[in-house]
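Heads up: the structure comes next, in structure tokens.
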Amino acid sequence: MKLFVFICLTTPWLVFSQKNDNNHHFNEDVQYIILKGDSIPKKAIDLDEVLILPKLRLKNLEARKLYYRLHRKTLKVYPYAKLAAERLEEMNDSLSKLTKKRHQKKYTKQVQKYIESEFAGKLKKMSRTEGQILIKLIHRQTGQTAFELVKELRNGWRAFWFNSTANVFDISLKRKFNPVDVKEDYYIEDILLRNLQRGRIKYQKPAVMFDFYSLTNKWMD
């Protein structure tokens, strides 16, 4: 499967050749491009890489039902995983600027309370399946499992307790996002990429990345 790269230029541009021997800034007989709003000539234009996603192939009606059910749940919980990644980045950035441990501890407690107040009510309204998808997406966006994040904000015992409680509902806080070995995770990746391409979700670079085309070859074959 091939990766095509394209770019749409919506602003006027100018191409010209420089043959002035007295001007040492340009090479003779080389074409340069000037984009509108930019005074510096360039020999080439940097292209943005765009994924050309293959047509989705689902075997039967039941498979389509499962996919679109997963689609709805994934889009519901993705904003919370994205928000968790933003909060983690903000916290780590702020902690790096605090030199005293007591200040770091105080700030971490403040973040803990803030995250709990921000997420607690919404998480309680999620189904078990939605909760498990969220756990996976948190790992995708942060590079850490929910268990590891809880352990950072609290102590190890609280992380163990939260994980044990989650296991009662068949939700593991240690679950990782693994589209290489789990087909459902591949479909989640597919859902995110398609909706990103359509502008339905805001882009946030994931901490865990995969070769989507290799995954497609594996799962679709």
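Taken together, the values in this text are just the output of simple stated rules run on the coordinates, not laboratory data. This one's a predicted model, so the numbers in the text were calculated from it and none came from an experiment. In this analysis, Cβ positions are derived from the backbone assuming ideal geometry, glycine residues included, and neighbour counts consider all displayed protein chains.
Descriptive notes on the structure:
- Label point distance in nm, ASN92-PHE162, each placed 7 Å from Cα along Cα→Cβ: 1.7 nm
- Treating r as the C-beta distance of LYS113 and ARG69 and R0 as 45 Å, the FRET efficiency rounds to 0.85.
- The gain in end-to-end length when the LEU123 to PHE210 segment is fully stretched comes to 28.6 nm, 0.36 nm per residue minus the alpha carbon separation.
- Using Cβ point charges alone (K and R +1, D and E -1), the dipole size of the stretch 61-220 about the Cα centre works out to roughly 600 debye.
- Going by neighbour counts of Cβ atoms within 10 Å, the residues GLU152, GLU189, GLU62 line up, fewest first, as GLU62, GLU152, GLU189.
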